[in-house]
Amino acid sequence: MLFRSNKVKVYLISIIILIFTYNICLSDENDIYKKIDLFSEVLDKINKEYVEEVDQSEAMDAAINGVLQSLDPYSAYMPPEAFENMQTETSGEFGGLGIEVSMEAGVVKVISPIDNSPASKVGIKAGDYIVKINDIQVQGKSLTEAVELMRGPVGTDIEITVRRVGEKKALTFTITRDIIQVASVKSKIIDHKTGYLRLTSFNENSSDQINDKIKEFKKSGEVENYILDLRNNPGGLLSQAIKISDFFLDNGEIVSTKSKRKYENRKWFAKKGDILDGSTMIVLINYGSASASEILAGALQDHKRAILVGENTFGKGSVQSIIPLKNDGAIRLTVSKYYLPSGKSISKVGVAPDIEVAEGSDDFRINTETDNQLSYALKLLNG
């Protein structure tokens with residue numbers, strides 16, 4: 001039986017990070033090869049001398065992941081199974097707890113819980129730090145490993161322990177795993193005059209769904225103004241954020257990206273035509289609004305097309321590409337940073353609301369009677 005060793009992983013990751021972060025010039029290729037030889041030597045010593053048997057495949061996966069996670073919280077290695085799971089998620093249905101997570105300072109951080117998911121129903125919040133999964137400490141594990149621990153057969157329970165800003169003690173939640181249905185757009189007409197659109201993610205069908213819902217609003221003849229709710233939307237496909245931004249803007253820049261190579265820098269612009277014909281629009285945001293949500297909210301704010309209400313967003317101002325590998329796995333690699341029309345980067349600072357409205361109580365739930373942020377937006381629209 002092969003034993004998995006956290007110590008081995010720590011050593012391997014430390015060695016790889018040392019190799020990667022060492023100040024290497026292109027002209028000093030010999031030093032690179034020396035480091036590679038050193039790494040091979042260490043692996044050989046571990047295999048011969050370490051007290052337990054080492055699963056070399058898992059150890060190498062951990063080492064690769066260590067290199068990527070030393071770059072930033074969003075770059076990571078995905079073994080074949082994890083890559084397959086990711087592809088399922090972006091297509092709209094997957095199993096698990098229903099949370100978007102990232103790695104921050106070696107700890108798994110919740111970007112946002114998905115609406116009506118098992119995690120959101122028990123009270124997991126954006127910004128929570130996951131410290132324990134069942135009886136297993138999370139610190140020291142890779143993001144991929146933590147995600148795999150959270151997955152399991154539908155209907156089974158899992159204990160998640162989190163640290164939350166403002167809480168002195170750790171909080172433990174029992175969550176029942178389920179199939180996560182990602183209905184990215186929900187809508188309703190409020191008070192016979194306000195079209196409410198809740199966008200929970202940016203998947204491949206989101207722009208079509210938004211377009212269809214707005215057509216339904218117009219057909220009703222009732223809607224005079226609009227609320228676009230981006231709270232707890234962790235982002236998704238950049239292309240969808242651009243398409244949806246274009247719906248509401250008549251012209252001007254939507255977003256730009258800057259890469260390592262200048263010739264790869266890009267800018268996207270809105271085409272003429274506002275799908276809402278200039279109707280008043282409020283966008284709801286919070287700390288769980290990240291990435292593509294911030295592109296959309298920031299573009300509308302910069303062009304003074306909408307009033308942003310709620311709380312400061314997450315601050316994920318980078319673009320990741322999924323790069324397939326020969327082993328049917330992939331790496332998620334940060335390849336560029338994006339900038340709002342104003343030229344501002346929201347990386348680590350987020351998008352600030354025009355009107356700050358904090359969550360009103362501990363039993364706060366989005367789009368319910370306890371949703372004071374939505375209530376404020378409706379009062380603002382009604383004068």
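Nothing in this text is a laboratory measurement; each read-out follows from the coordinates by a stated rule. Everything quoted here is computed from the prediction, not taken from an experiment. When we count neighbours, we look across all protein chains shown, and the Cβ atoms used for this are built from the backbone with ideal geometry, even at glycine.
Descriptive notes on the structure:
- In plain terms, the residue of ASP44, ASP354, ASP302, ASP362 with the fewest other Cβ atoms within 10 Å comes first and the most crowded comes last, giving ASP362, ASP44, ASP354, ASP302.
- Sequence of LEU300, LEU68, LEU199 once ranked by neighbouring C-beta atoms within 10 Å, starting from the fewest: LEU68, LEU300, LEU199
- Restricting the range 212-275 to trypsin sites (Lys or Arg not before Pro) that sit in a DSSP loop and have at most 14 other Cβ atoms within 10 Å of their own Cβ leaves LYS260, ARG261, LYS271, LYS272.
- Computed from Cα positions, the angle between helix 206-220 and the longest principal axis of the chain comes to roughly 10 degrees.
- Check: the range 93-180 dipole with +1 on Lys, Arg Cβ and -1 on Asp, Glu Cβ, in debye: 360
- Helix content alone sets the calculated 222 nm mean residue ellipticity of the chain: runs of n ≥ 4 DSSP H residues at -39500 (n - 2.57) each, divided across all residues, give -10000 deg cm²/dmol.
- Fraction of beta bridges assigned by DSSP in the chain that are antiparallel (%, nearest 5): 75
- Phi-derived couplings, Karplus 6.51 cos²θ - 1.76 cosθ + 1.60 at θ = phi - 60°, listed residue by residue for the range 63-78: 5, 4, 5, x, 4, 5, 6, 6, 6, 6, x, 9, 7, 6, 9, 10 Hz, with x used for Gly and Pro.
- When you restrict to C-alpha pairs under 8 Å that are six or more residues apart and normalise by the size of the range 84-219, the relative contact order lands at 23 percent.
- If you run the Gaussian network model on the chain, springs between alpha carbon atoms under 10 Å, then out of VAL255, VAL51, VAL42 the most flexible one is VAL51.
- Put in line by how crowded their Cβ is, counting other Cβ atoms within 10 Å and starting with the fewest, VAL54, VAL162, VAL283 read VAL54, VAL162, VAL283.
- Gaussian network model of the chain, Cα within-10 Å springs - most flexible of ILE190, ILE130, ILE346: ILE190
- Tensor-based shape of the chain (alpha-carbon gyration tensor, a/c under 1.5 rounded, otherwise prolate or oblate): prolate
- Comparing GLY123, GLY298, GLY360 in a Gaussian network model of the chain (Cα springs below 10 Å), the most mobile by mean-square fluctuation is GLY360.
- Average Cα contact separation per residue, the chain, under 8 Å, 6 or more apart, as relative contact order %: 13
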